[in-house]
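Engineer: The structure under discussion is supplied below as C-alpha cells; questions concerning it will follow.
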Amino acid sequence: MVTIGGLTVQLTRKPIKSLRVTVYPPEGEVRVSAPHAVPLSVIHAFVESRADWIKRHQALVRDESPASLDYVTGEQLPFAGRTYPLDVVHRPGRPSVTLHDDARVVLSVPASADRSQRERAVDAWYRAHLDIVVPPLIAAWEARLGVSITEWRVRKMKTRWGTCSIKARRIWLNIALAAKPPECLEYLIVHELIHLLEPSHNARFKALMDQHLPNWRALRVKLNRGNHRQDD
C-alpha cells in the first residue's frame, strides 16, 4: 500500500503495457496496476492526474453499493434489471423461487431454512435464468464476431463481472449478472468475446467495441452502477 496525494493505493506490478486504476466497492478501495519498468514517480503523477476521477467514483460506489440481503419478506430482490418485492413462504420440501405476475418474487423454503439456504435457492434461480438467456446471446455474437468458445460457466465473483480464458477459450460469468438489465448482460458477453480477438484493453479493443457495440461505454456505466468495480 502506498499513499499518493492523500489517497491510499494498492499498487501491483504486472507484465502490462500501461497504467490502470480501478475503484472497488463497497468502500472505494483504489488499486493501481503498473508495468514493471514504470518508475514510482510516474505512477504518482498518474494517480494525481486521476485524483478527481478516483474521488468521484469512490463516492459513487459507496453511495450505490447495495446492502446485503437477508432474503426475508419485504426486501427488494433485483432480477433482470428490476427489483421485485420478496415474499418468503414456508413450505416443506425442496426450496424454489418463482416470479409471480411480473410483480413479486416468491421464495418457498422450509421454516427451518437459514439465510444461507435461502440465498442458495435464489442463486439457483439466477443460474437457471442465465442458462436460458446466455446461450442464444453467445451464439449470435460468436457468429457476428467470427469467434467461438469451448464453454461458458457461472460463478460468484467479488470484483469482476466476467473473465475470458484466451487459451481455454472459456468464459466465466458472474452469477450477479442475472440481476442486471439484459442489455448489460449482452455488453459483458460481447466484451469477453472480443477478448478472443484482442486480449488487452488497448486502443484496438476499444475500436472493436465501438464497431460492434457503439453504446458500450454507456452500458458499462449502467452495469457497474451499484456493484463491483469501476475502471478507468
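Bear in mind that the values in this text are calculations on the coordinates, not laboratory data. All of these numbers come straight from a predicted model, not from anything done at the bench. Neighbour counts run over all protein chains shown; Cβ positions are idealised from the backbone, glycine included.
Engineer: Helix 203-212 sits at what angle to the longest principal axis of the chain, using alpha carbons and giving 0 to 90 degrees rounded to 10?
Structural biologist: Helix 203-212 sits at roughly 40 degrees to that axis.
Engineer: Please list the non-local residues whose amide H lies under 5 Å from the amide H of LEU11, H modeled 1.01 Å from N, same-chain partners needing a gap of 5 or more.
Structural biologist: Result for LEU11 returns VAL2, VAL32.
Engineer: Measure nothing fancy, just the Cα-based angle from helix 40-49's long axis to the longest principal axis of the chain, in degrees from 0 to 90, nearest 10.
Structural biologist: 60
Engineer: Once the Cβ-Cβ distance between HIS100 and ALA45 is put in as r, and R0 is 41 Å, what FRET efficiency do you end up with, to the nearest 0.05?
Structural biologist: Values: r = 56 Å, r/R0 = 1.36.
With a Förster radius of 41 Å, E is 0.15.
Engineer: Same structure, new question: Which distance in nm do the two modelled labels at SER68 and ASP123 give, with both placed 7 Å along the Cα-to-Cβ direction?
Structural biologist: My value for the distance between the label points is 1.4 nm.
Engineer: Gain in length, ASP210 to TRP53, computed as 0.36 nm per residue apart minus the alpha-carbon separation, to one decimal in nm? If you can, show how the numbers build up before the last one.
Structural biologist: On the way: separation 157, 0.36 × 157 = 56.52 nm, distance 2.26 nm.
Extra length available between ASP210 and TRP53 comes to 54.3 nm.
Engineer: Run through the DSSP bridge list for the chain and note the antiparallel percent, rounded to the nearest 5. Could you put the intermediate results ahead of the total?
Structural biologist: Values: 23 of 39 bridges.
Bridges in the chain that DSSP calls antiparallel: roughly 60 percent.
Engineer: Something else: Hey, got a sec? Which trypsin sites (Lys or Arg not before Pro) in the range 151-227 land in a DSSP loop and have at most 15 other Cβ atoms within 10 Å?
Structural biologist: LYS156, LYS158, ARG160, LYS167, ARG169, ARG225
Engineer: When the dipole is taken about the Cα centre of the chain, and only Lys, Arg (+1) and Asp, Glu (-1) are charged at their Cβ, what size is it in debye, to the nearest 20?
Structural biologist: Numbers: 34 positive and 24 negative charges, 142 e Å.
Dipole magnitude for the chain comes out near 680 debye.
Engineer: How large is the charge dipole for the range 114-231, taken about the Cα centre, if only the Cβ atoms of Lys, Arg (+1) and Asp, Glu (-1) carry charge, to the nearest 20 debye? Write out the running numbers ahead of the final one.
Structural biologist: Working: 21 positive and 12 negative charges, 85 e Å.
Using only the charged Cβ atoms, the result is roughly 400 debye.
Engineer: Which listed residue (GLY6, ILE16, LEU60) has the Cα farthest towards the positive end of the charge dipole for the range 2-64, taking +1 on Lys and Arg C-beta and -1 on Asp and Glu C-beta about the Cα centre?
Structural biologist: The residue sitting most towards the positive pole is ILE16.
Engineer: Between GLU198 and LYS222, what length comes free when the chain is fully extended (0.36 nm per residue of separation minus the Cα-Cα distance, one decimal in nm)?
Structural biologist: Numbers: separation 24, 0.36 × 24 = 8.64 nm, distance 2.34 nm.
Contour length minus the Cα-Cα distance gives 6.3 nm.
Engineer: Right, something else. Would you please give the FRET efficiency between VAL2 and ILE166, computed as 1/(1 + (r/R0)^6) with r the Cβ-Cβ distance and R0 = 35 Å, to the nearest 0.05? Intermediate values should be presented prior to the final figure.
Structural biologist: Details: r = 31 Å, r/R0 = 0.88.
After rounding, the FRET efficiency stands at 0.70.
Engineer: In degrees, nearest 10, range 0 to 90: what is the angle between the Cα axis of helix 115-145 and the longest Cα principal axis of the chain?
Structural biologist: Once rounded, the angle reads 60 degrees.
Engineer: What is the gain in length, in nm to one decimal, between LYS17 and LEU145 on full extension, counting 0.36 nm per residue of separation less the C-alpha to C-alpha distance? Spell out each step's value before the answer.
Structural biologist: On the way: separation 128, 0.36 × 128 = 46.08 nm, distance 2.55 nm.
Net length gain for the segment: 43.5 nm.
Engineer: For the range 135-232, what class follows from the C-alpha gyration tensor (a ≥ b ≥ c being the square roots of its eigenvalues): rounded when a/c is under 1.5, otherwise prolate if a/b is larger than b/c, else oblate? Kindly include the intermediate steps, with their values, before the conclusion.
Structural biologist: Values: a/c = 1.42, a/b = 1.13, b/c = 1.26.
Cα axes put the range 135-232 in the rounded bin.
Engineer: Report which label in (1) 1.01; (2) 1.33; (3) 0.98 holds the value of Rg/Rh (Cα atoms, Kirkwood Rh) derived from the coordinates of this structure.
Structural biologist: Given (1) 1.01; (2) 1.33; (3) 0.98, the calculated one carries the label (1).
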